[in-house]
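Asks: There's a structure below that I have some questions on.
The values are calculated or read from the model by the stated rules, or taken from the named source; none is laboratory data. As the structure is a prediction and not an experimental result, all values here were calculated from the model. Don't worry about glycine lacking a Cβ; one is built from the backbone with ideal geometry, like all the others, and counts go over all protein chains shown. Ligands, DNA and RNA are excluded from the accessible area calculation, which covers all protein heavy atoms including side chains. Shrake-Rupley method; radii C 1.70, N 1.55, O 1.52, S 1.80 Å.
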Amino acid sequence: MSTSHQTPSTHVLIVGAGFAGGLAAVRLAGRSRGRVRVTVVNPRPTFVNRLRLHHVAIGRQVPAPSVRTLLGSRVSFLKGWVADLDPDAGHATVSGPDGTRRIGFDRVVLATGSTTEPVPVPGGEHTHGVADLAAAERLRSAFARAAPGSALAVVGGGFTGLETVGELAEARPDVHVRLVTSGEAAGWFSPRAARHVRAGLDRLGVEVVDRARVRAVEHDRLLLDDGAEVPSDLTVWCGGLAAPPLARESGLAVDDAGAAVTDGALRSVSHPQVMAVGDAGHATAPHGGRYSMSCQFAFPSGAHAADVLRDEVLRVTDGAPAPLDLGFQGRCVSVGGRTAVLQLTTRDDVATDKAWTGPGVNAFKRFQVRGVVSAVGFARRVPGAIRWPGADTSRTADVGVAG
Ligand SMILES: Cc1cc2nc3c(=O)[nH]c(=O)nc-3n(C[C@H](O)[C@H](O)[C@H](O)COP(=O)(O)OP(=O)(O)OC[C@H]3O[C@@H](n4cnc5c(N)ncnc54)[C@H](O)[C@@H]3O)c2cc1C
């Protein structure tokens, strides 16, 4: 561990203080021996734990720790919104409570997360969502007003849809809750795990309408492609997620979802001075597509970006930066508070036939969604300690302990 303080030679701007940006910031500041000045810009002064936004929707109190405290004194925090980024000129325009200012940088890490895409069918204005805090808070008000016996539909059978429908149904057994999905409910899981998930939905009284494609939303119903209708006084859209427009507007190469396309070292393929991490970045996974939008990608990608920048500034390696080597292990999904499944996966994030269920897994899931934020604080105190399976850990040997 180095305690020497040197004049920073490089200024790294990190846009977004979610899981990926927060971890990148504390790890880089903690491991760069004072040679890197790290500034984080985030619109909210408190941390949003997106894993618990469906808990916000059902009215639970979800802790929102101070971003400034989480990042610690080695990182400068600026409350604001990066409205404009010019990677070639090396500056960003930040709008904040004190007005608009221009910030110069040597390198920038895009960690802007994801948000719900505009609902792709007519009537999208009748829907709610859980992808960001403002949407979850709006849903909370609407859900609290839902009359007993009214109909609620969650559209989308992915992980967010499954977890959201479970929480809503558990919180309001007096509301008729449906899960409407174009595929097979829990189809991604191994057969045994899928049975467990479906049994959990059944126990909560969730009616599953699967292989159903929604063609329009009205204020009291969903219209399906096959002409059928599903009653819905309150519709929660858990369909596609996309990156915010900043990457595209900055001229970076982006994919269809607006995520910055990166090489294996997480550098933008069009502007290598920009790195993109978490949901905002599209790095190619071993299966050829992008890594899933998850904490399983957000944390290691944030850590990897920090290590690449640190190695570059400290000239730890002469050659090209090591590519991200992330092996997926499994996914833990819950349907309400009493049904969780830990589905084991291949390194490529494909479900295997092994899955764990039971009280231990329920407890693990509760610990995961609550404890995930403290991982950023832990990484600030012990900046090189967080490792992940499959990673090249040879360069993290000099784990430092920060205050
Ligand atoms: C309801 C729900 C449940 C989920 N459950 C799970 C789960 O069980 N397991 C799992 O692995 N994943 C889960 N996810 C997905 C997971 O939350 C995301 O993959 C993860 O949060 C991505 O982290 P991130 O750091 O990339 O982005 P985020 O956590 O979204 O952080 C991005 C930050 O950037 C800020 N930002 C955006 N634009 C700008 C800008 N222009 N200027 C400044 N700041 C900006 C945002 O305000 C935000 O603070 C869930 C998601 C939801 C919505």
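Asks: Does the range 182-194 hold any residues that are at negative phi and either touching a helix residue (DSSP H, G or I) at 6+ places or on another chain (Cβ under 7 Å) or surrounded by fewer than 20 Cβ atoms within 10 Å (Cβ to Cβ) (or both), and which are they?
Replies: Filtering the range 182-194 for residues at negative phi gives 182-185, 187-194.
Of everything in the range 182-194, those that are at negative phi and either touching a helix residue (DSSP H, G or I) at 6+ places or on another chain (Cβ under 7 Å) or surrounded by fewer than 20 Cβ atoms within 10 Å (Cβ to Cβ) (or both) turn out to be Ser182, Gly183, Glu184, Ala185, Gly187, Phe189, Ser190, Pro191, Arg192, Ala194.
Asks: Turning to a different aspect of this structure: One residue is enough: does the range 313-320 have a residue meeting the conditions modelled with pLDDT of 85 or more and either away from the ligand (no atom under 15 Å from the Cβ) or among the aromatic types (Phe, Trp, Tyr) (or both)? Steps first, please.
Replies: Filtering the range 313-320 for residues modelled with pLDDT of 85 or more gives 313-314.
Narrowing further to those that are either away from the ligand (no atom under 15 Å from the Cβ) or among the aromatic types (Phe, Trp, Tyr) (or both): 313-314.
So far as the range 313-320 goes, yes, one or more of its residues are modelled with pLDDT of 85 or more and either away from the ligand (no atom under 15 Å from the Cβ) or among the aromatic types (Phe, Trp, Tyr) (or both).
Asks: Got a number for residues in the range 144-166 being open to solvent by less than 10 Å² (accessible area, probe 1.4 Å) and under 24 Å from the mean Cα position of the chain (by Cα)?
Replies: Residues flagged as open to solvent by less than 10 Å² (accessible area, probe 1.4 Å) and under 24 Å from the mean Cα position of the chain (by Cα) within the range 144-166 amount to 7.
Asks: Further question on the same structure: Grab the strands (runs of 3 or more DSSP E) fully contained in the range 307-361, keeping just those with 3 or more residues being open to solvent by 60 Å² or more (accessible area, probe 1.4 Å). Even if it seems obvious, please write down each step before you answer.
Replies: Numbers: elements: 330-334, 340-345, 351-357.
Here the list reads 351-357.
Asks: Next question. So, in the range 271-319, how many residues would count as being farther than 20 Å from Phe105 by Cα and among the charged types (D, E, K, R)?
Replies: Filtering the range 271-319 down to residues farther than 20 Å from Phe105 by Cα leaves 278-279, 282-301, 316-319.
Next, only the ones that are among the charged types (D, E, K, R) stay: 279, 290, 318.
Looking only at that region, the number is 3.
Asks: If we scan the range 122-137, do we find a residue that is surrounded by 14 or more Cβ atoms within 10 Å (Cβ to Cβ), at pLDDT 95 or above, in a loop (DSSP other than H, G, I, E, B) and away from the ligand (no atom under 11 Å from the Cβ)?
Replies: Scanning the range 122-137 turns up at least one residue that is surrounded by 14 or more Cβ atoms within 10 Å (Cβ to Cβ), at pLDDT 95 or above, in a loop (DSSP other than H, G, I, E, B) and away from the ligand (no atom under 11 Å from the Cβ).
Asks: Which condition breaks for Gly59 when tested against (1) on the phi > 0 side of the Ramachandran plot; (2) buried (at least 20 other Cβ atoms within 10 Å of the Cβ)?
Replies: (2)
Asks: Applying the selection to the range 227-237, what residues are in a loop (DSSP other than H, G, I, E, B) and open to solvent by 20 Å² or more (accessible area, probe 1.4 Å)?
Replies: Filtering the range 227-237 down to residues in a loop (DSSP other than H, G, I, E, B) leaves 227-228, 232-233.
Gly227, Ala228, Asp233 - these are the residues of the range 227-237 that are in a loop (DSSP other than H, G, I, E, B) and open to solvent by 20 Å² or more (accessible area, probe 1.4 Å).
Asks: Let me ask you something else. May I ask you to list the residues in the range 34-56 that are outside any loop (DSSP other than H, G, I, E, B) and more than 8 Å from the ligand (Cβ to nearest atom)? Spell out how you get there, then give the answer.
Replies: Within the range 34-56, the subset outside any loop (DSSP other than H, G, I, E, B) is 36-42, 46, 50-56.
Those that are outside any loop (DSSP other than H, G, I, E, B) and more than 8 Å from the ligand (Cβ to nearest atom): Val36, Arg37, Val38, Thr39, Val40, Thr46, His55, Val56.
Asks: Find the residue count for the range 73-83, including only residues that are in a loop (DSSP other than H, G, I, E, B) and surrounded by fewer than 20 Cβ atoms within 10 Å (Cβ to Cβ).
Replies: First pass over the range 73-83, keeping only residues in a loop (DSSP other than H, G, I, E, B): 73-74, 80.
Next, from what is left, pick out any that are surrounded by fewer than 20 Cβ atoms within 10 Å (Cβ to Cβ): 73-74.
Matching residues across the range 73-83 total 2.
Asks: May I ask you to list the residues in the range 78-101 that are among the basic types (Lys, Arg) and on the phi > 0 side of the Ramachandran plot?
Replies: Step one: of the range 78-101, the residues among the basic types (Lys, Arg) are 79, 101.
Of everything in the range 78-101, nothing turns out to be among the basic types (Lys, Arg) and on the phi > 0 side of the Ramachandran plot.
Asks: Does Ala194 count as more than 16 Å from the ligand (Cβ to nearest atom), among the aliphatic types (A, V, I, L, M), closer than 26 Å to Ala355 by Cβ and without any contact (Cβ under 8 Å) to a residue 12 or more places away in the chain? Before you say what the answer is, go through the steps one by one.
Replies: Details: more than 16 Å from the ligand (Cβ to nearest atom): yes; among the aliphatic types (A, V, I, L, M): yes; closer than 26 Å to Ala355 by Cβ: yes; without any contact (Cβ under 8 Å) to a residue 12 or more places away in the chain: yes.
So Ala194 passes the test.
Asks: To continue, here is another question. Is it true that some residue in the range 15-33 is touching a residue at least 24 places away in the same chain (Cβ under 8 Å), open to solvent by less than 50 Å² (accessible area, probe 1.4 Å), within 8 Å of the ligand (Cβ to nearest atom) and part of a strand (DSSP E or B)?
Replies: yes
Asks: A further question follows. Which residue out of Trp81, Trp188 is without any contact (Cβ under 8 Å) to a residue 60 or more places away in the chain and within 14 Å of the ligand (Cβ to nearest atom)?
Replies: Values: Trp188 fails: without any contact (Cβ under 8 Å) to a residue 60 or more places away in the chain.
Of Trp81, Trp188, the one residue that is without any contact (Cβ under 8 Å) to a residue 60 or more places away in the chain and within 14 Å of the ligand (Cβ to nearest atom) is Trp81.
Asks: Is there a residue in the range 168-176 that is in contact (Cβ under 8 Å) with a residue 24 or more places away in the chain, within 16 Å of the ligand (Cβ to nearest atom), open to solvent by less than 10 Å² (accessible area, probe 1.4 Å) and more than 22 Å from Arg50 (Cα to Cα)?
Replies: Our first condition is that a residue be in contact (Cβ under 8 Å) with a residue 24 or more places away in the chain; within the range 168-176, this holds for 168-176.
With the extra rule that they be within 16 Å of the ligand (Cβ to nearest atom), the set shrinks to 168-171.
If we keep only those that are open to solvent by less than 10 Å² (accessible area, probe 1.4 Å) too, we end up with 168-169.
After this cut, where a residue has to be more than 22 Å from Arg50 (Cα to Cα) as well, the list is none.
No: zero hits.
Asks: With respect to Leu252, determine if the residue is part of a loop (DSSP other than H, G, I, E, B), more than 30 Å from Gly149 (Cα to Cα) and at pLDDT 95 or above.
Replies: Working: part of a loop (DSSP other than H, G, I, E, B): yes; more than 30 Å from Gly149 (Cα to Cα): yes; at pLDDT 95 or above: yes.
Spelling it out, Leu252 is indeed part of a loop (DSSP other than H, G, I, E, B), more than 30 Å from Gly149 (Cα to Cα) and at pLDDT 95 or above.
Asks: Hey, does the range 96-118 have a residue that's within 14 Å of the ligand (Cβ to nearest atom), hydrophobic (A, V, I, L, M, F, W, C), open to solvent by less than 10 Å² (accessible area, probe 1.4 Å) and in a helix (DSSP H, G or I)?
Replies: no
Asks: Scanning the range 267-292 for residues that are assigned to a strand (DSSP E or B) and at pLDDT 95 or above, which turns out most open to solvent (accessible area, probe 1.4 Å)? Walk me through it before giving the result.
Replies: Taking the range 267-292 first, the residues assigned to a strand (DSSP E or B) are 267-268, 274-276, 281-282, 284, 290.
Adding the requirement that they be at pLDDT 95 or above leaves 267-268, 274-276, 281-282.
On the way: Arg267: 67, Ser268: 4, Val274: 1, Met275: 1, Ala276: 2, Gly281: 1, His282: 39 Å².
Result: Arg267.
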